[in-house]
Amino acid sequence: MNRRVAVLLVLIVAGLAVIAWPRLEVALVPSDDAQLTEALSRVPLAEPGAQGPDIVLIVLDTVRKDRVSPYADDAITPKLARWASDARVFDQARAVSSWTLPSHASMFTGRYPTEHGAHGDSLASGIDAHGLSPEVPVVAEVLSEAGWATVGIAANRGYLRAETGLARGFHAWLADSLRPHSLEVPYPEGERVTDLALAALSAPRERPMFLFVNYMDAHMPYIDRREYYADPADFPAVRAPFTQSYAATRATGVPLDPVVSTSWQQGYDATLRYLDDEVGRLLEALPELGIDENDLVIVTSDHGEAFGEHGTVEHGKDLYDESIAVPLFVRGPGFESGRDARLVDHTDLPRWMLDAAGLPHLPGMVEDEVQLAELHYTRHKHLADPVLRARYGRVLRAYVAEHRKAIASSTGDAEVFDLAVDPGETRDARAEAWAPPLVERLHERFEQLETGEGGEITHSAEDLEHLRSLGYVE
Ligand SMILES: [Zn+2]
């Protein structure tokens, strides 16, 4: 072989290797279906378990309450509204935080973020997150020990991967390894989440199931859903990443361009219409799968999304209602259909699940009629702690009692709102006679919380890139 031919051969082999390498990598990752099949093989489905209801908890990540029917005037989510017409619809449900990790941990533990330990600073670096304290009991653990099959399917792999501790108690947990929609959209789309959920529920079994499902479609970056626009002509030819718009807004001090904000809201609404189709497909299939009025089905969101109100966009930045008011629909024994104006939050969910299962409550679960919410880094009790302020910037704590809400900041400021007359939280009511006692009660209530210690979550370069693409890291 002469030298020229040898070089050519080497180049051809190298070229083939380059072409084949990515395919080889993809081939090594099992498909989502194969992963589910493998995960279900670890669930003791065939063994007789408890006698009790199936429990389905569906979390629509980043879905703000006022864009969902029946809360919204326009029927943007008609399938959800139809299902909710037979559900208890909570009008005053709030998240315990405005980002994914602490909210989900409260849904699983019945405790506030300070107590369960799964929280952190989601704004400054995106890397200072802590997982669920191993000391804190979780509902999936109790259910699995009592004979339930426990399966979790989470599209939000950024903050729901097993390392956060949220997979504890689940026989099967699919999150990190699910295939993203695309390079630009790093999460699986609703259609596949619904397919996986239906496949899990369809598996023949001799015991009730606790199924947790998380959908990410309403979280930016959005998948191109131009066919779901009210007017497809509104689909923008060029879309600057939302975070870039936000960064520019902050850098220049110029408020978010209303045209940009409207454009993103249209994109958001389109994803909600798509999500309604997919969640509707899951909800409508439940009766055929034997899940009926004797079983418990909960649909909620982990937090909302801001579009320029109070000067912010996205979530995880404040505790105003566009960020923490959430939809909450429940069908099951004890949940009569109709509207319910009681103050409920994510810490109520595990209690409802355990009541439905006939199991005792978890130790340390919250049992009161006020709402607390926390942001950001909440491992310290004292908002005025100078170390806390220097290291983590601003910590916010919100307290809602009846129709009044206080938000206290580690900067020493507090804002107070009367939600009955000012649901948009635009008129600070600090001067009202009832305001100082409300702020005082906020501080007293937070002082009562026990501090939970979650382990620090480490992020690989790939994890960081993933979080960056979701807007958590700037
Ligand atoms: Zn979330």
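The values are calculated or read from the model by the stated rules, or taken from the named source; none is laboratory data. These numbers come from a predicted model, not from an experiment. Backbone-built Cβ (ideal geometry, glycine too); neighbour counts: all protein chains shown.
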Look at Glu184 and say whether it is more than 16 Å from the ligand (Cβ to nearest atom), assigned to a loop (DSSP other than H, G, I, E, B) and surrounded by fewer than 20 Cβ atoms within 10 Å (Cβ to Cβ). yes
Looking at the structure I just gave you, is Gly169 small (Gly, Ala, Ser) and surrounded by 20 or more Cβ atoms within 10 Å (Cβ to Cβ)? yes
Please verify whether region 189-211 includes one or more residues that are crowded, with 19+ Cβ neighbours inside 10 Å and in contact with a His (Cβ under 7 Å, 6 or more places away or on another chain). yes
Looking at region 276-311, which of the residues that are of a type in the set (A, V, I, L, M) and in a helix (DSSP H, G or I) is nearest to the ligand (Cβ to nearest atom)? Val279
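Results for (1) crowded, with 23+ Cβ neighbours inside 10 Å; (2) of a type outside the set (Phe, Trp, Tyr); (3) closer than 30 Å to Leu419 by Cβ, shown as yes or no for each residue.
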residue: Asp54; (1), (2), (3): yes, yes, no
residue: Pro70; (1), (2), (3): no, yes, yes
residue: Arg88; (1), (2), (3): no, yes, yes
residue: Arg94; (1), (2), (3): yes, yes, yes
residue: Ala105; (1), (2), (3): yes, yes, yes
residue: Leu132; (1), (2), (3): yes, yes, no
residue: Ala140; (1), (2), (3): yes, yes, no
residue: Gly152; (1), (2), (3): yes, yes, no
residue: Ala162; (1), (2), (3): no, yes, no
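Being among the aliphatic types (A, V, I, L, M) and modelled with pLDDT under 95: is that true of Leu196 here?
Here the answer is no, as Leu196 does not meet what is asked.
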Could you go through region 321-334 and let me know if any residue there is within 16 Å of the ligand (Cβ to nearest atom), within 16 Å of Ala93 (Cα to Cα) and in a loop (DSSP other than H, G, I, E, B). yes
When region 433-447 is checked residue by residue, the ones that are under 13 Å from Ser409 (Cα atoms), modelled with pLDDT under 90 and not hydrophobic (A, V, I, L, M, F, W, C) are none
Top-ranked residue in region 25-63 [being part of a loop (DSSP other than H, G, I, E, B) and among the polar types (S, T, N, Q); ranked as farthest from the ligand (Cβ to nearest atom)]: Gln51
All but one of (1) within 16 Å of the ligand (Cβ to nearest atom); (2) part of a loop (DSSP other than H, G, I, E, B) hold for Val193; state the number of the condition that does not hold. (2)
Residue pairs meeting the criteria (Cβ under 6 Å; at least 6 apart or on separate chains; first in contact (Cβ under 8 Å) with a residue 24 or more places away in the chain, in region 294-307; second aromatic (Phe, Trp, Tyr) and away from the ligand (no atom under 16 Å from the Cβ)): Val299/Phe329
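Among Val395, Val400, which is buried (at least 20 other Cβ atoms within 10 Å of the Cβ), of a type in the set (A, V, I, L, M, F, W, C) and either modelled with pLDDT of 80 or more or in contact with a strand residue (DSSP E or B) (Cβ under 6 Å, 6 or more places away or on another chain) (or both)? Lay out the reasoning, then the answer.
On the way: Val395 fails: either modelled with pLDDT of 80 or more or in contact with a strand residue (DSSP E or B) (Cβ under 6 Å, 6 or more places away or on another chain) (or both).
Only one candidate qualifies: Val400.
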Return the pair list, or none, for Cβ contacts closer than 9 Å from residues in region 92-111 that are of a type in the set (Phe, Trp, Tyr) to residues that are outside any strand (DSSP E or B) and within 11 Å of the ligand (Cβ to nearest atom), at least 6 apart or on different chains. Trp99/Ser122; Trp99/Tyr159; Trp99/Asp302; Trp99/His303; Trp99/His315; Trp99/Gly316; Trp99/Ser323; Trp99/Tyr472
For Ala175, indicate whether it is aliphatic (A, V, I, L, M), within 26 Å of Leu464 (Cα to Cα), within 16 Å of the ligand (Cβ to nearest atom) and in contact with a Lys or Arg (Cβ under 7 Å, 6 or more places away or on another chain). yes
Output for Cβ contacts, cut-off 6 Å, separation at least six or different chains, first residue aliphatic (A, V, I, L, M) in region 138-149, second surrounded by 22 or more Cβ atoms within 10 Å (Cβ to Cβ) and part of a strand (DSSP E or B), reads Ala140/Thr150; Leu143/Thr150; Leu143/Phe210; Ala149/Met209
